[in-house]
Amino acid sequence: QVQLVESGGGLVQPGGSLRLSCAASGTIFNKLTLAWHRQAPGKQRELVATITSGGNTNYADSVKGRFTISRDNAKNTVYLQMNSLKPEDTAGYYCNGYWWTLDYWGQGTQVTVSS
C-alpha cells in the first residue's frame, strides 16, 4: 500500500513561483509512474505532468516551459516546480502514482494565483 501526501500549495501572485511536493510511503516508489493533475471548480480534471520510473517527463501544453516535474527516489518524493504562474493555474493539485493495476492518489493541495 502506498500513501501520497501533497504539500506546498498556497496563495501566490501572478508571475510568482511555487514548488509542490508529494511524499510517498511504501517500498515501490521507484517503480511508480508519477503524475500531477489539477482540477478547478466547474472544470474537468487535467493531467499536468508525468514522470516515469526512468525519469522521462511529459507536460500538458498549458504548462510547458513553466512547470517542471522531478522525482527523488531516495526521498520517496515527487516535485512540481511551478514558475510564471497565471490566474488560470488556480486549482486543486493532486499527486498520482501508478504501476500495473496499482493506482494511488493524494488528497490534494490548493494553489491560488491572484493579486
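The values are calculated or read from the model by the stated rules, or taken from the named source; none is laboratory data. In this text the structure is predicted, and so the values were computed from the model without any measurement. Cβ placement follows ideal geometry from the backbone for every residue including glycine, while neighbour counts extend to all protein chains displayed. For accessibility, only protein heavy atoms count, side chains too; no ligands or nucleic acids. Shrake-Rupley method; radii C 1.70, N 1.55, O 1.52, S 1.80 Å.
Listed here are the residues, each with its yes/no results for (1) among the hydrophobic types (A, V, I, L, M, F, W, C); (2) under 18 Å from Q107 (Cα atoms).
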site	(1), (2)
V5	yes, yes
G15	no, no
A35	yes, yes
Q39	no, yes
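Would you mention how many residues in region 68-115 are among the basic types (K, R) and in contact with a Gly (Cβ under 9 Å, 6 or more places away or on another chain)?
Restricting attention to region 68-115, the residues satisfying the condition of being among the basic types (K, R) are 71, 75, 86.
Adding the requirement that they be in contact with a Gly (Cβ under 9 Å, 6 or more places away or on another chain) leaves 71, 86.
Number of matching residues: 2.
Of everything in region 6-20, what is open to solvent by 80 Å² or more (accessible area, probe 1.4 Å) and of a type outside the set (D, E, K, R)? Give them in sequence order. So that I can check it myself, show each step before the final result.
First, the residues of region 6-20 that are open to solvent by 80 Å² or more (accessible area, probe 1.4 Å): 11, 13, 19.
L11, Q13 - these are the residues of region 6-20 that are open to solvent by 80 Å² or more (accessible area, probe 1.4 Å) and of a type outside the set (D, E, K, R).
Given the conditions (1) aliphatic (A, V, I, L, M); (2) open to solvent by 50 Å² or more (accessible area, probe 1.4 Å); (3) touching a residue at least 40 places away in the same chain (Cβ under 8 Å); (4) farther than 19 Å from Q107 by Cβ, and given that I28 satisfies all but one, which numbered condition is not satisfied?
(2)
From D89, D72, which residue is under 19 Å from P14 (Cβ atoms), of a type in the set (D, E), modelled with pLDDT of 95 or more and open to solvent by less than 60 Å² (accessible area, probe 1.4 Å)?
Details: D72 fails: under 19 Å from P14 (Cβ atoms).
Among D89, D72, only D89 is under 19 Å from P14 (Cβ atoms), of a type in the set (D, E), modelled with pLDDT of 95 or more and open to solvent by less than 60 Å² (accessible area, probe 1.4 Å).
Pairs please, first residue from region 82-94 and closer than 16 Å to A35 by Cβ, second anywhere and charged (D, E, K, R) and assigned to a strand (DSSP E or B), Cβ atoms under 9 Å, 6+ apart in sequence or on different chains.
M82/R19; A91/R38; A91/E46; G92/R38; Y93/E6; Y93/R38; Y94/E6; Y94/R38
List every residue pair whose Cβ atoms sit under 9 Å apart, with the two residues 6 or more apart in sequence or on different chains, where the first one lies in region 59-70 and is over 12 Å from K86 (Cα atoms) and the second, anywhere, is small (G, A, S).
Y59/A49; Y59/G65; A60/A49; G65/S84; T68/A49; I69/A35; I69/A49; S70/G55
Condition check ((1) under 18 Å from L85 (Cβ atoms); (2) modelled with pLDDT of 95 or more; (3) in contact with a Leu (Cβ under 6 Å, 6 or more places away or on another chain)) across all residues:
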position	(1), (2), (3)
G8	yes, yes, yes
Q13	yes, yes, no
L18	yes, yes, no
L34	no, yes, no
G42	no, no, no
V48	yes, yes, no
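Among the residues of region 31-53, what is the count of those that are open to solvent by 70 Å² or more (accessible area, probe 1.4 Å) and part of a loop (DSSP other than H, G, I, E, B)? Let's see the steps before the verdict.
Start the filter on region 31-53 by keeping residues that are open to solvent by 70 Å² or more (accessible area, probe 1.4 Å), which leaves 31, 39, 41-45, 47.
Add one more test, that the residue is part of a loop (DSSP other than H, G, I, E, B), and what stays is 41-45.
Of the residues in region 31-53, 5 are open to solvent by 70 Å² or more (accessible area, probe 1.4 Å) and part of a loop (DSSP other than H, G, I, E, B).
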